[in-house]
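Visitor: The structure that follows is given in the form of structure tokens.
The values are calculated or read from the model by the stated rules, or taken from the named source; none is laboratory data. Small disclaimer: the values here were computed from a predicted structure and weren't measured. Cβ coordinates were reconstructed from backbone atoms using ideal geometry, including for glycine residues, and neighbour counts include every protein chain displayed. Just the protein is used for accessible areas: all its heavy atoms, side chains included, with ligands, DNA and RNA removed. Shrake-Rupley method; radii C 1.70, N 1.55, O 1.52, S 1.80 Å.
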Protein chains: 6
Amino acid sequence: MKILVINPNSDAQMTELIRKSAEAFANGEFEVICKSNPTGPRFIDSYWDELACAPGLIQLVKENEDQVDGFVIACQDDPNLDAVKELASKPVVGIAEASMKIASMLGHRFSIISTSIPSIPNHEVQARKYHVDPVLASVRAPGEELRDKSDEEKFMACARAAIEDDRAEVIVLGCAGLADLAKRMQDELGVPVLDGVICGLIIARGLVQCGISTSKIGRYRGPHPDNPPA
Amino acid sequence: MKILVINPNSDAQMTELIRKSAEAFANGEFEVICKSNPTGPRFIDSYWDELACAPGLIQLVKENEDQVDGFVIACQDDPNLDAVKELASKPVVGIAEASMKIASMLGHRFSIISTSIPSIPNHEVQARKYHVDPVLASVRAPGEELRDKSDEEKFMACARAAIEDDRAEVIVLGCAGLADLAKRMQDELGVPVLDGVICGLIIARGLVQCGISTSKIGRYRGPHPDNPPA
Amino acid sequence: MKILVINPNSDAQMTELIRKSAEAFANGEFEVICKSNPTGPRFIDSYWDELACAPGLIQLVKENEDQVDGFVIACQDDPNLDAVKELASKPVVGIAEASMKIASMLGHRFSIISTSIPSIPNHEVQARKYHVDPVLASVRAPGEELRDKSDEEKFMACARAAIEDDRAEVIVLGCAGLADLAKRMQDELGVPVLDGVICGLIIARGLVQCGISTSKIGRYRGPHPDNPPA
Amino acid sequence: MKILVINPNSDAQMTELIRKSAEAFANGEFEVICKSNPTGPRFIDSYWDELACAPGLIQLVKENEDQVDGFVIACQDDPNLDAVKELASKPVVGIAEASMKIASMLGHRFSIISTSIPSIPNHEVQARKYHVDPVLASVRAPGEELRDKSDEEKFMACARAAIEDDRAEVIVLGCAGLADLAKRMQDELGVPVLDGVICGLIIARGLVQCGISTSKIGRYRGPHPDNPPA
Amino acid sequence: MKILVINPNSDAQMTELIRKSAEAFANGEFEVICKSNPTGPRFIDSYWDELACAPGLIQLVKENEDQVDGFVIACQDDPNLDAVKELASKPVVGIAEASMKIASMLGHRFSIISTSIPSIPNHEVQARKYHVDPVLASVRAPGEELRDKSDEEKFMACARAAIEDDRAEVIVLGCAGLADLAKRMQDELGVPVLDGVICGLIIARGLVQCGISTSKIGRYRGPHPDNPPA
Amino acid sequence: MKILVINPNSDAQMTELIRKSAEAFANGEFEVICKSNPTGPRFIDSYWDELACAPGLIQLVKENEDQVDGFVIACQDDPNLDAVKELASKPVVGIAEASMKIASMLGHRFSIISTSIPSIPNHEVQARKYHVDPVLASVRAPGEELRDKSDEEKFMACARAAIEDDRAEVIVLGCAGLADLAKRMQDELGVPVLDGVICGLIIARGLVQCGISTSKIGRYRGPHPDNPPA
């Protein structure tokens, strides 16, 4: 089994971080390939960035569909997830969708710790899209008052506030490539801390293993025969 | 006042239909410009089509933002509406959003009459995105049994079924460029029949007139300064 | 085109404020007539006030239906809106419904700034009635601590709190006749600030222009033939 | 204990039917007084009828508040219920609210059997207002095909269809004054059949007995001191 | 009429408190019998406790079904309520369900005052199960800062915070056997304070009196004939 | 890695079927142990059955917690899932929760094919508990008209109706131990057909592999120290 994890932005360092934790999870039991999107933006933060990463992301899916068994889109915005589910015949998993749905099985309510305050509404919109808004305790991101702290301290402070003030019972990391944090945060906070890439791999590997993929009879039926992709 | 109505596909004939009814509505009181998207797909039916129309659509918005006062995206899928709201400083209205929200003011529940059965889920997804799912009576599209009928007969049959079987009190046409049908259907059915383009113009013109545009402090804050659009 | 804006209370001074801003919006392109309800209560704050304004409001609608093309009920409680939609054949727009639905198109979530704390639940009930509760960030009203401030300072303080603490991206003014504030608040806050009367006029004018009115086949079918209004 | 059941319409015969079943329920354990609204419409079917019954209904509440311990408004439209809850200091129960909430305790989902098809949306609007829409299986009313049947046969046919086709497990009668039917329908259908007036009495009597009434600190705070009821 | 109130835990002192207030409510008009569950846990706080109380609770229902007319399960967790509704042919009322649904008729939103912070999510889960989550203002429980206060002071402090900070208009006591507090709290707070046992008795007595019980055709159809209870 | 799949009923033949498909899925990569509940009912259909299987189910969890890494409860009613999540420190997955949440990632809406019509409401209650009710197309079960068909034909007929009439895009099998059907149905229907046990294993294995288990700080905090399980 071979799963392609696509980092839809062009940040090779983030892809490397993702690769390390993905391989640690795969543990040699299946193959994980991690690729950046060389034509994508440096990071994905806005609707514009989602569009900007589309051509390279689609290209990566098309080029690799024959070689791999499934895809994970490794960005907590799930950019162009619907389009990729539609275009690929192999299973496609968005890490936001996977992590939020798994989070909802582990406790009463979860919080997402995001990298920036302005992106909070986008995570809320997504939670509603995936029907988990009733169990979203909060989306939190580090504010000005944490400016001088390390990334780890920032995320930890937000997670603590989510647990204490919003009564979150599970934490979802709001950005791919933080897997190294997940483990340490979980140990220190004493609650499940979910890294989206791992959650995406759990679902993708499972679907591949049992031979299930996206339904093609309705929402993800794909391009109309009279209107084929270029 | 000058409003640009963008048909995100490349079908110049549909654009011409849209132009006629938009100008009839504008009635010389404001200027409406209607443009096709020359690099867009022939029609917009799938998530892929939505991505495929993005570059041309964005281009049209950028080229025209200085010349016009507002935008209407004239496709009942509201393709890339969030991205355009984010990129433009002028008001941007999607015809699906505008028509569904206006429909919800005119009766208990409305139905969307769509061009094809496979696209029904996409309209349902959109209705939920715009929070009008509790007042969506149904989405209907002509089935095989109507194969030999004219477009008008097909839409009329679906609308009648929506009214009688689903108790819709208002009809929303599920495709731009059907404005010529709207009037005749409304006269015959005796319920409001909404053409999305007109609904989009109602909101766009109103926003322009009172100097209101998209909020730029959160969801539509636009590209990050470190990550500017190419 | 002639639109009658009815202030359902008896406060002629408020009607005058409404008239000024309505005429500024109409800009000579259509006629706006603004009338107080001489037999209505001095202001509308309770369910009782809503009933108390009904006879005069209904009377105004009946007396004027032949002379005008549409109605706007200019009170953020939308008093008796369902009954007026039912009785009039011309379009009828409530400013609460219009402003909340337009607000939902301009940003992720909106807040209503109300005149008094006890009226907060009534605005919440209304938001749910109009299905916009999922995008209502909050309803805020000035508390005791703002007692000595001017009206403008009070509203501004509440709006700032809504933006900063509740992450509202759009502000809806919770009372008709504050149009003069809307503009100044918008300039200072940097987010859309909606005056309900203007929102009501946007929709009403649009419906009149395209010949659409309330559906009469179900919820707003009107009095039973065996039970005609006196 | 003395409870006033107000039939908000002027139909003395219906009031008499209500009285009989109310007294049978009270069983001499508490006093029930049933009054028609002499200035109300003959029946209540539209929003207009709801307004038309208001003056007489309010009058009856005011005249009797010192003499009785609680009120039941005996019409499945709960006309002016919010206003009466606001004005009275004694408990006020609407039969639609009481019957739907009791129905939701007795089975998975319930259906309302209404007297006429056009009133179906109004019952749906109410179910949503009372937050029981997720357990409303359907609202049904006799159609043309039942024209020649007796009232009992009509209601029975609708209830059977609700049970078989909509999987209703509980039936709520959609009109006051059908208590004589409730018992027979229940015996024949083998599911709970709720008469609203009895449900209203269950709640009203209970509230009176334990000294609980409407909260007066928020939504039902009542008229503003500067704006007293005439 | 004879109603059995079952305290599903083994705390005879709590049962005695329940008995006192239940009898005060019954006022000699009907008979109330209150029983502890001798094999149940000392108190009910966890899912485990709910299972642990099941055998004794079921036993009490079976032993008494021929002798009584209805049941109230006197624990704000409504432990095994669905199973008891299923097994008994007589009416069965859970005090959480009854108190939340009655609370929703008395004001805009209610808060539950619970005995311990960890149990807050369980009350939230229940509110959603009963479809009253949209009108649940909050669940509050005394924190560490109230450690040294009396129970009454603790509950009072939480209720005040719910009213002032969460805008609750009605208070529901989150534990059976606090009826003595309810009255004093209501007098001091000036809002309805609901004791679940009394709410349960209101509904149970009403159902018995009008001959209505749980629907047996669907959700509560009971054990399959091929799979009878031991 | 060792995962214990518990069939909470006593049907050893069903357990054998489950074992076969679970082992086929595990494919030697991890160990799956499947156990029946010898003291459980023959099948699980009612709330009573859920209680009846509890002691044996709890016993199996306790006896095995030191030997295994995670649990799957193999019954589409997820009986006592909350209690087991609470009691076990290892991950616990219910097959209804897992299959419905995975189904929601594979298409617009899914249907559950259940074994009997009376159990339909129970599946609906569960879908709401897991917040997937907005994407539940329907629950269907074979009616009388399919009496003489084989189980496979029955399920196939229901699934076809769900796809064609309810527009389901994904099918969830409403009973454990049908894994042999899943594959054949999927091949014939051309849509994903989910067997709950496999879905449960996907999640359980993933959680074990990345060291995540149920959050213990809130809803699943477990028995109170003063009230320990016997």
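Visitor: When you scan region F:74-85, do you find a residue that is touching a Lys or Arg at 6+ places or on another chain (Cβ under 8 Å) and under 30 Å from A:Met1 (Cβ atoms), even just one?
Guide: No, every residue in region F:74-85 fails to be touching a Lys or Arg at 6+ places or on another chain (Cβ under 8 Å) and under 30 Å from A:Met1 (Cβ atoms).
For (1) over 22 Å from E:Leu81 (Cα atoms); (2) within 22 Å of the chain's Cα centre (by Cα); (3) open to solvent by 40 Å² or more (accessible area, probe 1.4 Å), each residue gets a yes or a no:
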{"residue": "E:Glu169", "(1), (2), (3)": "yes, yes, no"}
{"residue": "E:Asp180", "(1), (2), (3)": "yes, yes, yes"}
{"residue": "E:Leu189", "(1), (2), (3)": "yes, yes, no"}
{"residue": "E:Ile202", "(1), (2), (3)": "no, yes, no"}
{"residue": "E:Leu207", "(1), (2), (3)": "no, yes, no"}
{"residue": "E:Ser215", "(1), (2), (3)": "no, yes, no"}
{"residue": "E:Arg219", "(1), (2), (3)": "no, yes, no"}
{"residue": "E:Asp226", "(1), (2), (3)": "yes, no, yes"}
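Visitor: With the structure loaded, tell me whether B:Asp151 is open to solvent by less than 20 Å² (accessible area, probe 1.4 Å) and over 30 Å from D:Gly143 (Cβ atoms) or whether it fails that test.
Guide: On the way: open to solvent by less than 20 Å² (accessible area, probe 1.4 Å): no; over 30 Å from D:Gly143 (Cβ atoms): yes.
For B:Asp151, the condition - open to solvent by less than 20 Å² (accessible area, probe 1.4 Å) and over 30 Å from D:Gly143 (Cβ atoms) - is not met.
Visitor: Closer than 22 Å to E:Gln13 by Cβ and either among the acidic types (Asp, Glu) or open to solvent by less than 20 Å² (accessible area, probe 1.4 Å) (or both) - does that describe any residue in region E:126-140?
Guide: Start the filter on region E:126-140 by keeping residues that are closer than 22 Å to E:Gln13 by Cβ, which leaves none.
No - not one qualifying residue is present in region E:126-140.
Visitor: Given (1) closer than 16 Å to D:Pro8 by Cα; (2) touching a residue at least 40 places away in the same chain (Cβ under 8 Å); (3) open to solvent by less than 10 Å² (accessible area, probe 1.4 Å), where does D:Ala54 come up short, assuming only one miss?
Guide: (2)
Visitor: Would you check which residues across region F:73-90 are at the interface with another protein chain (Cβ under 8 Å from one of its Cβ atoms) and either open to solvent by 10 Å² or more (accessible area, probe 1.4 Å) or among the acidic types (Asp, Glu) (or both) and list them?
Guide: If the condition is that a residue be at the interface with another protein chain (Cβ under 8 Å from one of its Cβ atoms) and either open to solvent by 10 Å² or more (accessible area, probe 1.4 Å) or among the acidic types (Asp, Glu) (or both), then F:Asn80, F:Asp82, F:Glu86, F:Leu87 are the ones that fit.
Visitor: I've got another one for you. Scan (1) in contact with an Asp or Glu (Cβ under 7 Å, 6 or more places away or on another chain); (2) of a type in the set (Val, Ile, Thr); (3) closer than 21 Å to E:His131 by Cα for the single condition D:Val191 breaks and write down its number.
Guide: In the conditions (1) in contact with an Asp or Glu (Cβ under 7 Å, 6 or more places away or on another chain); (2) of a type in the set (Val, Ile, Thr); (3) closer than 21 Å to E:His131 by Cα, D:Val191 misses (3) alone.
Visitor: Taking region E:61-72 as the search range and keeping residues that are within 17 Å of the chain's Cα centre (by Cα) and among the hydrophobic types (A, V, I, L, M, F, W, C), which one is surrounded by the fewest Cβ atoms within 10 Å (Cβ to Cβ)? Lay out the reasoning, then the answer.
Guide: First, pick out the residues of region E:61-72 that are within 17 Å of the chain's Cα centre (by Cα): E:61, E:70-72.
Checking which are among the hydrophobic types (A, V, I, L, M, F, W, C) leaves us with E:61, E:71-72.
On the way: E:Val61: 21, E:Phe71: 26, E:Val72: 31.
Looking at the filtered set, the residue picked out is E:Val61.
Visitor: Which one is nearest to the other protein chains (Cβ to nearest Cβ) among residues in region A:103-118 that are of a type in the set (S, T, N, Q) and buried (at least 22 other Cβ atoms within 10 Å of the Cβ)?
Guide: Filtering region A:103-118 for residues of a type in the set (S, T, N, Q) gives A:104, A:111, A:114-116.
Narrowing further to those that are buried (at least 22 other Cβ atoms within 10 Å of the Cβ): A:104, A:111, A:114.
Working: A:Ser104: 7, A:Ser111: 11, A:Ser114: 13 Å.
Selected residue: A:Ser104.
Visitor: Among (1) closer than 23 Å to A:Ser215 by Cα; (2) touching a Lys or Arg at 6+ places or on another chain (Cβ under 8 Å), there is one condition A:Ile95 misses while meeting the rest; what is its number?
Guide: Unmet for A:Ile95, out of (1) closer than 23 Å to A:Ser215 by Cα; (2) touching a Lys or Arg at 6+ places or on another chain (Cβ under 8 Å): (2).
Visitor: Please go through region D:119-135 and give me each residue that is within 12 Å of chain B (Cβ to nearest Cβ) and in contact (Cβ under 8 Å) with a residue 24 or more places away in the chain, ordered by number.
Guide: D:Ser119, D:Asn122, D:His123, D:Gln126, D:Ala127
Visitor: Let me ask something additional. Within region A:11-37, can you find the residues that are within 14 Å of chain B (Cβ to nearest Cβ) and under 25 Å from A:Ser89 (Cα atoms)?
Guide: Passing the criteria: only A:Asn37.
Visitor: Does any residue of region E:7-19 turn out to be at pLDDT 95 or above, of a type in the set (A, V, I, L, M, F, W, C) and not in a helix (DSSP H, G or I)?
Guide: For region E:7-19, residues at pLDDT 95 or above, of a type in the set (A, V, I, L, M, F, W, C) and not in a helix (DSSP H, G or I): absent.
Visitor: Here's a follow-up. Residues to consider are B:Ser21, B:Ser46, B:Ser10; find the one that is surrounded by fewer than 22 Cβ atoms within 10 Å (Cβ to Cβ), among the polar types (S, T, N, Q) and under 17 Å from the mean Cα position of the chain (by Cα).
Guide: Details: B:Ser21 fails: surrounded by fewer than 22 Cβ atoms within 10 Å (Cβ to Cβ); B:Ser46 fails: surrounded by fewer than 22 Cβ atoms within 10 Å (Cβ to Cβ).
Among B:Ser21, B:Ser46, B:Ser10, only B:Ser10 is surrounded by fewer than 22 Cβ atoms within 10 Å (Cβ to Cβ), among the polar types (S, T, N, Q) and under 17 Å from the mean Cα position of the chain (by Cα).
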